[in-house]
Amino acid sequence: MENKAKTIKVRDIRKIVIIQTAFIGDTILTLSLLRESKKIFSASVDIVVVPASAELLQCNQEVDKVVIYDKRGKNAGWCGFWRTVKNLRSASYDLALVPHRSLRSALLAVFCGAKYRVGFDKSAGAWLFHRRIKYRPEQHEVERNLSLLMPWADEIDDSLHFMIDTKYEAETLVSFSDVLNLKPVVGFAPGSVWPTKRWPVEHFRDLAKQLVNEDTRVILIGGKDDRTLGQVIKLAVPKVINLIGITDLCQAAVLIKHMDLLVTNDSAPLHLASALHTPVVALFGPTVKEFGFTPYQIPHKVVERSLSCRPCSRHGSYKCPIGTHECLKEILPQQVHKILKELQRD
């Protein structure tokens, strides 16, 4: 199939589908690929994502059409897979770009009927692509995703932006005007899908105390699954603004855009802040910077400890393999406070 890829011309591509059915953060880091695909091919570009990512993308003014693949819900199993395929086939795609490296995503590209398929050589379904692009672990994920366009462009804009619909942003700012009326505003995102990637809630609590005592407004953001974390911090520090489980993802995006700084685990808010150009203090435990998922092209500090057991996994896990969670427990609030202040001065 590699030979067939040589016949792909820019003029032949009018409709593109990007398949990224991983986590919300992965979808955010795919937005540069979506933007540049539109620019290079002057084509319409659809994106296939999971429901949580679709919720976030509804307020992004650069995304034309979102196709939801609820692979763990109503579209679970082969029956759900084929329902999604049927939905995609009706669009008659010329090109499928597959940054997600799962076999299932590669199979979606095949069965949706796209004439040409491009993905990474490290994909579990690499043999199903017409062109396989070398996966470079030393690159940031944004740059890796953009490398899927290398066959057609010598120069590619590698910036990352999340373009919030201006009307939606204005409405959200009116709704939360009292939250942002004190400066500086520092956001906390204490949650993560993976427990081992969470900085201890007691550390977030103690850092919040320090900042509130300095007349800094602290806003907690996160999903419904993070509510307990927010309650622990709010109970100890009543002056924090606890919006965990209250805002939707788009409202959270607007708030992050208007914060002075965000303190977050290695999770989706980190990447959203990058795309919204908000400075970040990122707390890394089981994962490491070398994976290519650090804050991107913004002022930031990554806080981590040098330990022989790191990294213990690529995505995090539900339990520390050696039972200590030392990688994050030993990053103390005083240390993060100092780094935060240094970043604010810069």
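The values are calculated or read from the model by the stated rules, or taken from the named source; none is laboratory data. Values in this document were obtained by computation on a predicted structure and should not be read as measured data. Quick reminder, even Gly has a Cβ in these numbers, built from the backbone with ideal geometry, and neighbours come from all protein chains shown.
Taking the condition of being over 20 Å from Ser32 (Cα atoms) and surrounded by 23 or more Cβ atoms within 10 Å (Cβ to Cβ), how many residues in the range 110-128 meet it?
Here the count works out to 2.
Could you give every pair whose Cβ atoms fall below 6 Å, whose first residue belongs to the range 247-258 and is over 15 Å from His161 (Cβ atoms), and whose second residue is buried (at least 19 other Cβ atoms within 10 Å of the Cβ) and among the aliphatic types (A, V, I, L, M), counting only separations of at least 6 or pairs across chains?
Sorted first by the residue in the range 247-258, then by its partner, the pairs are Leu249/Leu56; Ala252/Ile221.
Given the residues Glu36, Glu55, which is the only one that is surrounded by fewer than 23 Cβ atoms within 10 Å (Cβ to Cβ), under 20 Å from Ser147 (Cβ atoms) and not assigned by TED's automatic domain parsing to the domain that holds Gly191? Walk me through it before giving the result.
Details: Glu55 fails: under 20 Å from Ser147 (Cβ atoms).
Matching residue, one of Glu36, Glu55: Glu36.
Quickly run through the range 205-225 and pick out the residues that are within 15 Å of Val263 (Cα to Cα) and without any contact (Cβ under 8 Å) to a residue 60 or more places away in the chain.
Selection gives Arg205, Ala208, Lys209, Val212, Thr216, Arg217, Val218, Ile219, Leu220, Ile221, Gly222.
Pull up the range 129-146, narrow it to residues that are in contact with a Leu (Cβ under 7 Å, 6 or more places away or on another chain) and in contact (Cβ under 8 Å) with a residue 40 or more places away in the chain, then point me to the one that is surrounded by the fewest Cβ atoms within 10 Å (Cβ to Cβ).
Going through the qualifying residues, I end up with Glu141.
Kindly indicate which of Val336, Val281 is part of a strand (DSSP E or B), in contact (Cβ under 8 Å) with a residue 24 or more places away in the chain and β-branched (Val, Ile, Thr).
None of the others qualify; the one that does is Val281.
Would it be correct to say that Thr294 is touching a strand residue (DSSP E or B) at 6+ places or on another chain (Cβ under 9 Å), more than 14 Å from Leu220 (Cα to Cα) and in a loop (DSSP other than H, G, I, E, B)? It would help to see each step written out before you state the result.
On the way: touching a strand residue (DSSP E or B) at 6+ places or on another chain (Cβ under 9 Å): yes; more than 14 Å from Leu220 (Cα to Cα): yes; in a loop (DSSP other than H, G, I, E, B): yes.
Spelling it out, Thr294 is indeed touching a strand residue (DSSP E or B) at 6+ places or on another chain (Cβ under 9 Å), more than 14 Å from Leu220 (Cα to Cα) and in a loop (DSSP other than H, G, I, E, B).
Please determine whether any residue of the range 268-280 is of a type in the set (S, T, N, Q) and crowded, with 22+ Cβ neighbours inside 10 Å. It would help to see each step written out before you state the result.
Of the residues in the range 268-280, the ones of a type in the set (S, T, N, Q) are 274, 278.
Remaining after also requiring crowded, with 22+ Cβ neighbours inside 10 Å: 274, 278.
Checked the range 268-280: at least one residue is of a type in the set (S, T, N, Q) and crowded, with 22+ Cβ neighbours inside 10 Å.
Out of all the residues in the range 283-307, which are of a type in the set (A, V, I, L, M, F, W, C) and in contact with a Ser or Thr (Cβ under 6 Å, 6 or more places away or on another chain)?
Ile298, Val302
From the residues in the range 234-250 that are part of a loop (DSSP other than H, G, I, E, B) and in contact with a strand residue (DSSP E or B) (Cβ under 7 Å, 6 or more places away or on another chain), which one is surrounded by the fewest Cβ atoms within 10 Å (Cβ to Cβ)? Step through it out loud before you land on a result.
Going residue by residue through the range 234-250, those that are part of a loop (DSSP other than H, G, I, E, B) are 237-240, 243-248.
Narrowing further to those that are in contact with a strand residue (DSSP E or B) (Cβ under 7 Å, 6 or more places away or on another chain): 240, 243-244.
Working: Val240: 23, Leu243: 18, Ile244: 26.
So the residue we want is Leu243.
Inside the range 300-316, can you point out the residues that are in contact (Cβ under 8 Å) with a residue 24 or more places away in the chain, more than 28 Å from Leu276 (Cβ to Cβ) and hydrophobic (A, V, I, L, M, F, W, C)?
If the condition is that a residue be in contact (Cβ under 8 Å) with a residue 24 or more places away in the chain, more than 28 Å from Leu276 (Cβ to Cβ) and hydrophobic (A, V, I, L, M, F, W, C), then Cys312 is the only one that fits.
Rundown of residues vs (1) aliphatic (A, V, I, L, M); (2) more than 15 Å from Gly25 (Cβ to Cβ); (3) in a loop (DSSP other than H, G, I, E, B); (4) assigned by TED's automatic domain parsing to the domain that holds Leu328, yes/no style:
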{"residue": "Gln231", "(1), (2), (3), (4)": "no, yes, no, yes"}
{"residue": "Ala253", "(1), (2), (3), (4)": "yes, no, no, yes"}
{"residue": "Ile256", "(1), (2), (3), (4)": "yes, no, no, yes"}
{"residue": "Thr264", "(1), (2), (3), (4)": "no, no, no, yes"}
{"residue": "Glu290", "(1), (2), (3), (4)": "no, yes, no, yes"}
{"residue": "Cys309", "(1), (2), (3), (4)": "no, yes, yes, yes"}
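Give Asp206, Asp215, Asp178 a once-over and let me know the one that is of a type outside the set (Gly, Ala, Ser), under 23 Å from Ile339 (Cβ atoms) and surrounded by fewer than 16 Cβ atoms within 10 Å (Cβ to Cβ).
Asp215
Mind checking which residues of the range 314-329 are part of a loop (DSSP other than H, G, I, E, B) and surrounded by 14 or more Cβ atoms within 10 Å (Cβ to Cβ)?
Going through the range 314-329, the residues part of a loop (DSSP other than H, G, I, E, B) turn out to be 314-325.
The answer is His315, Gly316, Ser317, Cys320, His325.
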